[in-house]
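Inspection log for the structure reproduced underneath, given as structure tokens.
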Amino acid sequence: MHIVTVSEMRELEAQAERQYGLSSPILMKNAGKSAADIFEAHLDPHFSIQNLEILFLIGPGNNGGDGLIMAQHLQLSGALVSLYHWKEQHLVVHGEDVHEAQTQSELETLLQSTDYVVDALLGTGHSRPLPDDMRVLLAHVQQERTARQNLHVVALDLPTGLNPDTGKVDPGTLAADITITLACPKQGFFFFPGRDYLGTLYIGSIGLPPAMGSDLSTEMLDAQLVRSLLPARSLNSNKGTFGKVMLLCGSPPYPGSAYLAGTAAARVGAGLITLAVTEKMLPIYASSFHEATFTLLPDEDVESFERAKTFTDHLSGYRALLIGPGLGQSPNTREVLLQVLEYLRNQPEQERPKLVVDADGLNNLSALEHWWTLLPAGTIITPHPGEMGRLCGGLKVSGGDIERLELARAKAKEWQVTLILKGACTLVTDPAGRTRINWNANPALATAGTGDVLAGMISGFLAQGLAPFEAASAGVYLHTAAADNVSAEIGYAGLLASDLLAQIPRVMSKT
């Protein structure tokens, strides 16, 4: 599912008319019918649309036209439909015009009894501040919703006043319980504060041919996309079929990181997981991660060249390498990291493992000038906003604003990496500018260790043969889906990173 800017959406509509004869009235007809179908499907199956009170707030443009057609279809299905034409201040209640002198009092009475308000005032093409009288109208709806929990708001295409390119909102914007957007999700939906105003998001059709938009570079991560990425599991397989993952992770202060990442790599289906550990740390991992194998490294105080060579001597045959979670930032560790990266850069591409660098791997690199030149081609990096800021030389990086999008695209190109910029709606982008954005945002993931799980999942997908951009995409989507499974049982507080592990294969099987 492609994500569009306003200009891209306009070009799609213009192209639909030029190439396929799909005029604006035809697209509007399709949009209204699709929105009505989605609305009816959204209703509780035990809740009949018959005699359901629905008030449509109708604007003067195409969004209002879509709303009128949606209203006609719902009226034919048995709903009690009323229309308030904002521009004319004209109210129609169940097909009967209300006298102008009684409009405001009748509108307030109607608001007290209606079940749903459909916001079809202003759509994608509007980005100016809302008129004062429109803000007053939306404030009346909000006031009634605050007083009465069974009043629900549906936004058609987007909540009026939400900027579809940036996610910024007008002070008068009314948050929706559900948003039925048309044709494609809009770029601003994935950034705050707009993301908070959308409620449950549905994508309606305007009848565009499937091939249209194939040249767009930004996609929404959803189940359909990720399902197409997951590696097949042939009956004629062995553990070598699904690849080997090596992890250079963990240290005495942070032993859990390697366990979480390694287990996550196994849970996505990698055939063999190996942890590179010192003999002192081995009992910790061997007692908790029975399925892992181990490469024994010299102790942390041994000269870095010996430690690095011991490690690289065991890399042959591994398809994926994860460096960083819990690794620590001692000078010796940093030297080991630099020597391992030099070894990887000097290996033929087809012989070296694909690399993921996370957490302390990134923190160690950020202390170096032009650190990205040390990475082998095809590397994935997975910074959260704080790590991203350090990689950018101390820049303050947002966890949810629109500015992070262009930053991620620019840096993925400059650094020649697949970049996962974590946040409420995580971004995945590559050097060519391809971008995927995760729709699901789960605050339960804001706890220690969940990033280690994500890095391990991505490494496990690399081991199974996915390209870096695809492995990153699958990992990001399924990571949040696993968290959603946990939150469905316990809520948004109290999730432990280890709670995700058992959910990973469950969400994969249902994707």
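The values are calculated or read from the model by the stated rules, or taken from the named source; none is laboratory data. Bear in mind the structure is a predicted one, so any value in this text is a computation, not a measurement. Glycine gets a Cβ as well: all are built from the backbone with ideal geometry, and neighbour counts include every protein chain shown. Side chains included, ligands, DNA and RNA excluded: accessible areas come from the protein's heavy atoms. Shrake-Rupley method; radii C 1.70, N 1.55, O 1.52, S 1.80 Å.
Over segment 112-251, average the accessible area per residue using a 1.4 Å probe and give it in Å², no decimals.
So segment 112-251 comes to 41 Å² accessible per residue, rounded to a whole number.
Calculate for the chain the 222 nm mean residue ellipticity that helices alone would give, adding -39,500 (n - 2.57) per DSSP H run of length 4 or more and normalising by residue count, nearest 500 deg cm²/dmol.
Value at 222 nm, helices only, nearest 500: -12000 deg cm²/dmol.
Go through Pro60, Ser48, Ile38 and say which Cα lies farthest out towards the positive end of the charge dipole of segment 5-79; charges sit on Cβ, +1 for Lys and Arg, -1 for Asp and Glu.
Of the candidates, Pro60 comes out farthest on the positive side.
Write down the radius of gyration of segment 254-357 and its Dmax, each obtained from C-alpha positions, in Å.
In Å, with Rg to one decimal and Dmax whole: 13.3, 36.
Can you list the residues, at least 5 places off or on another chain, whose amide H is less than 5 Å from the amide H of Gly204, using H built in the peptide plane?
Those qualifying (amide H under 5 Å, at least 5 residues apart or on another chain) are Thr181, Leu182, Ala183.
State whether segment 86-159 is rounded, prolate or oblate according to the following rule on the C-alpha gyration tensor (a ≥ b ≥ c being the square roots of its eigenvalues): a/c under 1.5 gives rounded; otherwise a/b larger than b/c gives prolate, and the remaining case gives oblate.
oblate
Measuring from a point 7 Å past the Cα of Leu368 along Cα-to-C-beta, which residues in segment 247-270 have an amide N at less than 20 Å?
247-251
So which of Lys280/Lys413; Lys29/Lys168; Lys354/Lys396 end up more than 31 Å apart, counting from Cα to Cα?
From the list (Lys280/Lys413; Lys29/Lys168; Lys354/Lys396), the Cα-Cα distance tops 31 Å for Lys280/Lys413.
Find the Cα radius of gyration of segment 309-402, compare it with 2.2 N^0.38 Å by division, and give the number to two decimals.
Segment 309-402 yields a ratio of 1.11.
For segment 245-255, what does the Karplus curve 6.51 cos²θ - 1.76 cosθ + 1.60, with θ = phi - 60°, yield as ³J(HN,Hα) per residue in whole Hz, taken in order and with x for Gly and Pro?
Couplings: 10, 9, 10, 9, 8, x, 6, x, x, 9, x Hz.
Using each residue's phi in segment 217-230, evaluate 6.51 cos²θ - 1.76 cosθ + 1.60 at θ = phi - 60° and report the 3J(HN,Hα) Karplus result to the nearest Hz, with x for Gly and Pro.
For segment 217-230, the Karplus curve yields 9, 10, 10, 8, 6, 9, 4, 4, 5, 5, 4, 6, 8, 5 Hz.
Select from segment 375-479 those chymotrypsin sites (Phe, Trp or Tyr not before Pro) which occupy a DSSP coil region and have at most 15 other Cβ atoms within 10 Å, ordered by residue number.
When the chymotrypsin sites (Phe, Trp or Tyr not before Pro) of segment 375-479 are filtered for loop state and at most 15 Cβ neighbours within 10 Å, nothing remains.
Enter the per residue convex hull volume of segment 1-67, computed from alpha-carbon coordinates, in Å³ rounded to the nearest integer.
It is 128 Å³ per residue.
Taking a ≥ b ≥ c as the square roots of the eigenvalues of the Cα gyration tensor of segment 18-106, is the shape rounded (a/c under 1.5), prolate (a/b larger than b/c) or oblate?
oblate
Could you please state, rounded to a whole Å, how far the C-alpha centre of segment 283-329 is from the C-alpha centre of segment 218-242?
With segment 283-329 and segment 218-242 each reduced to a Cα centre, they are spaced 28 Å.
If DNA, RNA and ligands are ignored and the probe is 1.4 Å, what is the ranking of Tyr285, Tyr20 by accessible area, most exposed first?
Tyr20, Tyr285
Using 1/(1 + (r/R0)^6) with R0 = 25 angstrom and r between the beta carbons of Ala41 and Asn150, what's the FRET efficiency to the nearest 0.05?
According to the calculation, E is roughly 0.80.
May I ask for the Rg/Rh ratio of the chain, computed from Cα atoms with Rh as the Kirkwood radius, given to two decimals?
Result for the chain is an Rg/Rh of 1.06.
Expressed as an acute angle from 0 to 90° and rounded to the nearest 10, what is the orientation of the C-alpha long axis of helix 450-463 relative to the principal long axis of the chain?
Taking Cα atoms only, the helix is inclined about 70 degrees.
Ignoring ligands, DNA and RNA, what accessible area per residue does segment 418-495 give at 1.4 Å, in Å²?
In whole numbers, segment 418-495 has 26 Å² accessible per residue.
Starting from the Cα of Cys392, step 7 Å along the direction of its Cβ; do the same at Thr312; then give the gap between the two resulting points in nm.
Modelled inter-label distance: 3.3 nm.
Could you do me a favour and compute the accessible area per residue for segment 295-384, 1.4 Å probe, result in Å²?
That works out to 43 Å² per residue.
Over segment 54-167, calculate the relative contact order: mean separation of alpha carbon pairs under 8 Å at least 6 apart, over the residue count, as a percent.
With pairs under 8 Å counted, the relative contact order is 30 percent.
What are the residues whose amide H is under 5 Å from the amide H of Ala155, where those residues sit 5 or more places off or on another chain and H is modelled from the backbone?
Asp119, Asp177, Ile178, Thr179, Ile180
Under a straight-distance cross-link criterion of Cα-Cα below 20 Å, which aspartates and glutamates are reachable from Lys87, leaving out those fewer than 8 residues away in the same chain?
Answer for Lys87, where 20 Å is the Cα cut-off: Asp66, Glu96, Asp97, Glu100, Glu106, Glu108, Asp119, Asp132, Asp133, Asp157, Asp170, listed by chain and number.
Just check segment 194-293 against the gyration tensor rule for me: Cα atoms, a ≥ b ≥ c as the square roots of the eigenvalues, rounded for a/c under 1.5, and otherwise prolate or oblate depending on whether a/b exceeds b/c.
The shape class here is prolate.
Just need the relative contact order of segment 409-503 here, percent rounded to a whole number, with Cα pairs under 8 Å and 6+ apart.
26
Exposed loop GluC sites (Glu not before Pro) only (DSSP loop, at most 13 other Cβ atoms within 10 Å): please give the longest stretch of the chain free of them, not including the sites.
The longest such stretch corresponds to 89-278.
So what is the relative contact order of segment 109-202, in percent, for Cα pairs below 8 Å that sit 6 or more residues apart?
28
List the residues whose amide H sits under 5 Å from the amide H of Gly199, counting only those 5 or more places along or on another chain, with H placed 1.01 Å from N in the peptide plane.
Correct list: Ala176.
Give the carbon-plus-sulfur fraction of the accessible surface of the chain in %, rounded to a whole number; probe 1.4 Å, heavy atoms of protein chains only.
51
With +1 on the Cβ of every Lys and Arg and -1 on the Cβ of every Asp and Glu, and nothing else charged, how large is the dipole of segment 158-259 about its Cα centre, in debye rounded to the nearest 20?
580
Among the trypsin sites (Lys or Arg not before Pro) in segment 340-426, which ones are in a DSSP loop with at most 15 other Cβ atoms within 10 Å of the Cβ? Mind listing them?
Lys396
Taking the Cα centre of the chain as origin, sum charge times position over the Cβ atoms of Lys and Arg (+1) and Asp and Glu (-1), and report the length of that vector in debye to the nearest 20.
Charge dipole, the chain, about its Cα centre: 1400 debye, nearest 20.
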